[in-house]
Amino acid sequence: MKLLIGNRNYSTWSLRPWLVLAHFDIPFEDEVLMLAGEGWRDVLARRSPTGKVPVLIDGDLAVPETIAIIEYLADKFADKAIWPADIRQRALARAASAEMHSGFSALRSHAPMNLRASHTGKVPADVVAKDLHRLETLWGGLLAQSGGPFLFGDFTAADAMFAPVATRIRTYGLPVSDMLSGYVEAIYSLPAFQQWLALALKEPWIVDDDEIDVIQGRVGRGVLA
Ligand SMILES: N[C@@H](CCC(=O)N[C@@H](CS)C(=O)NCC(=O)O)C(=O)O
């Protein structure tokens with residue numbers, strides 16, 4: 001199997017299924033497709049049915065869409081606890097993942113994932129306050145119930161779905177409770193996440209659209225490159 005991914009420093013959707021594959025020891029290779037630079041959209045259009053990454057290639061099957069990839073992996077590797085074993089916990093894990101997929105728009109647009117950066121204070125707390133409040137309720141409730149360190153105790157696909165949010169909390173120094181800080185720490189301590197991070201930190205590429213100083217107008221496009 002091969003996972004087509006975007007630049008590791010920035011590509012939140014790529015990180016999610018990659019973590020599932022790596023954490024659950026599923027044999028796979030990956031290939032990075034650039035999310036910036038000349039002709040990058042043409043390459044994506046040629047390689048991905050949706051023109052977006054991630055895409056999981058398994059023989060002649062190409063599965064786009066993060067949730068669909070994770071569900072395919074859970075079906076194909078049913079012996080791995082990709083979702084919680086208990087049906088009620090599994091329902092909550094899927095609900096949280098679906099909420100991540102369709103929600104948290106302020107965090108996603110105002111605090112883009114940028115693993116190599118440290119931008120404490122650059123995202124005004126009030127802009128993302130509603131999303132952070134929801135995380136306190138959602139993550140806080142699940143962590144209190146499971147006892148941690150992950151949302152459902154052991155690492156599951158729900159944690160993979162939220163891993164990019166954990167990185168935003170760290171990159172932008174967003175104000176969260178001790179319980180949520182502990183969860184961010186747990187994500188960063190996960191060996192699969194550490195592997196991704198190490199590779200991300202080696203990448204030289206800058207994607208202007210995901211750089212807070214460009215988005216907020218402190219520097220112009222291409223100036224960071
Ligand atoms: N709904 C898709 C979203 C995928 C997505 O937006 N991927 C970004 C990279 S993180 C992308 O390919 N962007 C290229 C573009 O929008 O043209 C999923 O769940 O996988």
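The values are calculated or read from the model by the stated rules, or taken from the named source; none is laboratory data. Since this is a predicted model, take the numbers as computed values, not measurements. Reconstructed Cβ throughout: ideal geometry from the backbone, glycine too, with neighbour counts over all protein chains shown.
Pairs meeting the criteria (first residue in segment 152-171 and assigned by TED's automatic domain parsing to the domain that holds L142, second residue assigned to a strand (DSSP E or B), beta carbons under 9 Å, at least 6 apart or on different chains) are T156/F150; A158/F150; A158/F152; D159/F150; D159/F152. Sub-9 Å Cβ pairs linking a first residue in segment 66-79 that is under 13 Å from A157 (Cα atoms) to a second residue that is away from the ligand (no atom under 15 Å from the Cβ) and outside any loop (DSSP other than H, G, I, E, B), at least 6 apart or interchain, are Y72/D58; Y72/L61, ordered by first then second residue.
Considering the conditions (1) over 21 Å from I206 (Cα atoms); (2) not in a loop (DSSP other than H, G, I, E, B), D25 is excluded by exactly one of them, (2).
L35 meets each of the listed conditions (1) farther than 25 Å from A198 by Cα; (2) in contact with a Gly (Cβ under 7 Å, 6 or more places away or on another chain) apart from (1).
Inspect all residues belonging to segment 27-43 and state whether any of them is over 21 Å from N9 (Cβ atoms) and either within 11 Å of the ligand (Cβ to nearest atom) or out of contact with any Pro (no Cβ under 6 Å at 6 or more places or on another chain) (or both). Taking every residue of segment 27-43 in turn, at least one turns out to be over 21 Å from N9 (Cβ atoms) and either within 11 Å of the ligand (Cβ to nearest atom) or out of contact with any Pro (no Cβ under 6 Å at 6 or more places or on another chain) (or both). V43 passes every criterion in (1) under 15 Å from M1 (Cβ atoms); (2) outside any loop (DSSP other than H, G, I, E, B); (3) in contact with a Leu (Cβ under 9 Å, 6 or more places away or on another chain) apart from (1). The residue of segment 72-84 that is surrounded by the fewest Cβ atoms within 10 Å (Cβ to Cβ), among those that are away from the ligand (no atom under 13 Å from the Cβ) and of a type outside the set (A, V, I, L, M, F, W, C), is D79. A Cβ distance below 7 Å, combined with a sequence gap of six or more or placement on separate chains, defines the contacts here; from segment 15-38, residues that are modelled with pLDDT of 95 or more reach residues that are part of a helix (DSSP H, G or I) and of a type in the set (S, T, Y) in the pairs R16/T66; P17/T66. With the condition kept exactly as written, say whether any residue in segment 60-71 is over 18 Å from A192 (Cβ atoms), more than 11 Å from the ligand (Cβ to nearest atom) and part of a loop (DSSP other than H, G, I, E, B). Yes, segment 60-71 contains at least one residue that is over 18 Å from A192 (Cβ atoms), more than 11 Å from the ligand (Cβ to nearest atom) and part of a loop (DSSP other than H, G, I, E, B).
Hey, can you tell me all the residues within segment 192-204 that are in contact (Cβ under 8 Å) with a residue 12 or more places away in the chain and assigned to a helix (DSSP H, G or I)? Give the steps one after another, and end with the answer.
The initial filter retains those residues of segment 192-204 that are in contact (Cβ under 8 Å) with a residue 12 or more places away in the chain, namely 192-193, 195-197, 199-201, 203.
Across segment 192-204, the qualifying residues are A192, F193, Q195, W196, L197, L199, A200, L201.
L19 meets the stated requirement of being within 16 Å of the chain's Cα centre (by Cα) and within 16 Å of the ligand (Cβ to nearest atom).
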